[in-house]
Amino acid sequence: MNQPVELQPDETFVLNVGPQHPATHGVLRVKMEMNGEYIVHAETVVGYIHRMHEKMGEVKPYPQFLMNLSRLDYLGAMGYSHCHALCVEKAAGIEVPKRAEYIRVLMVELNRVSSHLVWLGAFIMDLGGFTPLLYTFQAREHILDMMERITGARLTYCYIRFGGVSRDIDDQFIQSARDFMPYMRKELIKYHKLITGNIIFKKRMVGMGHISPEMCRKYGASSGVARGAGINFDVRRNEPYSVYPELEFEVPVYDGCDNMSRYMVRMEEIEQSLRIVEHALDQLPDGPVMPKKAPKIIKPPAGDYYQATETARGTFGVRLVSDGSQTPYRMKLRSPTYSNMHLFDEACRGLMIMDAMAMMGTLDLVIPEIDR
Amino acid sequence: MIREKLKQALEHLFPAGEAVPPAIVAEGEEPAEKTPREAVIETDYATCGYHLDIKTPPEQLIEVVSLIDQNDFFIESITGVDWIEEGEIEVVYDFSRYDFDLCRVVVRTRTDRDNAALPTITGVYAGANWHERETAEFFGINFIGHPHLVNLLLPEDSDIHPLRKDFKP
């Protein structure tokens, strides 16, 4: 009866990871064909939380679609609203006051820091270290409190409107943002002491999970995945939008093509985002946060418009096809993790399952954003 | 400049490509008759967000995409637009570049609505796989030669095409 199953030397078996698995950060399923401990072939199955946002975009008037954007990526929602607003404003020719644009950038960058902090904590937890999660969530709490006071929401913001933002920032916000900078920089030093130099961590990171620049190009990868493969690409600087050309920041690039490079890129991005916030606070102009004549009905002229921005997870794009009416004819949302995750199937071949999971962590996945 | 280089190479592909009006039609105006099947149009980046708008017949799609691939573009997305009144589905391919020579390229091709079929470009860009699967399930397009054309985001046993304009839930 209970005979153990014996596999032939070349025989493979299928291992099912997910849909509910702590390391997949949501409902993501990977069918892995294994040869012993090694992955021969992987097939990612997505779509478990598909909500058809693109169809909703086609049936709702422009302003009603605003809140959908923050339901894509619940960790870095502000960046997605920003891209959508920029695209519609470009199409409809709405002028945005300078102060509003600065406030948008401030919020997007703060949101980026909070998003990266969740990634850091969750990623280290994937690798088996529980402590950093508690520290990063503590720091993130400061950002969320700050943003909640102004925007009225902790994660799913509807703060960016066509023409500006819904509410001006006040002195208390500016003060708390300024106080946050030295605190966060100290925290970053702590994280580096706690994590980056750790020998167990390094052994799982350095030289593991190879993603080549050519693979990035064929799959359209962006964010830390591309910049960790030595590709000097950041939409904020390569294709400037909003007020980014007026702000000082650097784009961290590492050419190791491994987990460690992607990790270091994201860690330095936190620093650079802090720098942008500080600089934007210094330069913050006075004035209104909404144009005097903000249009109530949005009717862009017929045409096909595209806008890309750099969100916390990479290049997010909105394609808007307008037929001149109050509802879009077509609203395509190009999500960055979609392309980054697609690459996983090819990149994880030949890895051990533990290393594949570590690599998946460095892709910075948010599943609702893949499924849309 | 990569933009001129690519434009010249593409115009070489379409020998009969004559000058055509811009893709964005001015307000209140009807587009002139039927849009041409093949054209390379330089668009105003500030108004529409891309530099080159390429219209190609499906037969030349792979040739055009290979040319774009040779010029080091990365694939950004693939999507469709259902032009129900014209009885056609337009499939839109977005490409961009990693370096500072910014050039966003949009490739458009059209296929019949009732019997929608296009060649796959997964042979050129492996990353087109998921994008084509998504477009296939949302619009009901058969990408001929695709290695694994099953539903991606929709349930695996469904055969609805929700982004077609005549879709009734």
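The values are calculated or read from the model by the stated rules, or taken from the named source; none is laboratory data. What you see is a predicted model; the values in this text were computed from it and never measured. Reconstructed Cβ throughout: ideal geometry from the backbone, glycine too, with neighbour counts over all protein chains shown. Please note that ligands, DNA and RNA were not included when accessible areas were found on the heavy atoms of the full protein model with its side chains. Shrake-Rupley method; radii C 1.70, N 1.55, O 1.52, S 1.80 Å.
Here are a few things to note about the model shown:
- For the stretch A:231-299, the residue among A:G256, A:Y241, A:P291 whose Cα projects farthest onto the positive side of the dipole built from Cβ charges is A:P291.
- Projecting the Cα atoms of B:Y125, B:V150, B:G140 onto the charge dipole of chain B (Cβ charges, centred on the Cα centre) puts B:Y125 farthest toward the positive pole.
- Base-10 log of normalised Debye intensity for chain A (one unit scatterer per alpha-carbon) at q = 0.09, 0.12 Å⁻¹: -0.52, -0.90
- Among the helices of chain A, those built from whole DSSP H runs whose Cα atoms reach 18 Å or more along their own axis and whose mean Kyte-Doolittle hydropathy is at least -0.5 are A:77-92, A:98-126, A:131-151.
- Think of each Lys and Arg Cβ as +1 and each Asp and Glu Cβ as -1; about the Cα centre, that makes the dipole of the stretch A:1-158 roughly 920 debye.
- Placing R0 at 25 angstrom, the Cβ-Cβ distance between A:R149 and A:K186 gives a FRET efficiency of 0.65 after rounding to 0.05.
- Each residue of the stretch B:89-99 is assigned a 3J(HN,Hα), and the resulting list reads 10, 9, 10, 10, 10, 10, 10, 8, 10, 7, 9 Hz, derived from the Karplus form 6.51 cos²θ - 1.76 cosθ + 1.60 (θ = phi - 60°), x at Gly and Pro.
- Distance between the C-alpha centres of the stretch A:186-211 and the stretch A:237-267: 19 Å, rounded to the whole angstrom.
- Carbon and sulfur %, accessible surface of chain A computed with the full protein complex present, 1.4 Å: 55 percent
- Candidates per trypsin sites (Lys or Arg not before Pro) in the stretch B:101-169, loop by DSSP, up to 16 other Cβ within 10 Å: B:K165
- Accessible surface buried once A binds B (1.4 Å probe; total of both sides; Å²): 4200 Å²
- Check: chain A dipole with +1 on Lys, Arg Cβ and -1 on Asp, Glu Cβ, in debye: 960 debye
- If you plug the beta carbon distance of B:D166 and A:Q326 into 1/(1 + (r/R0)^6) with R0 = 22 Å, you get a FRET efficiency near 0.60.
- Zero-based 5 Å bins, Cα pair distances in the stretch A:291-371, whole percents: 3, 13, 17, 14, 14, 12, 9, 6, 5, 4, 2, 1
- Here the 3J(HN,Hα) profile of the stretch A:224-229, calculated from phi with Karplus coefficients 6.51, -1.76 and 1.60 at θ = phi - 60°, is x, 5, 6, 6, x, 9 Hz, Gly and Pro shown as x.
- When chain A is described by a simple charge dipole with +1 on each Lys and Arg Cβ and -1 on each Asp and Glu Cβ, the residue from A:L120, A:G220, A:F162 located farthest towards its positive end is A:F162.
- Taking every Cα-Cα distance in the stretch A:215-272 and sorting them into 10 Å bins starting at zero, the pair-distance distribution P(r) comes out as 25, 52, 22, 2 percent.
- Per residue, chain B exposes 46 Å² of accessible surface when a 1.4 Å probe is rolled over the protein heavy atoms with every protein chain present.
- Distance from the stretch B:87-140 to the stretch A:278-299 (C-alpha centre basis), Å: 37 Å
- For chain B, dividing the convex hull volume of the Cα atoms by the residue count gives 132 Å³ per residue.
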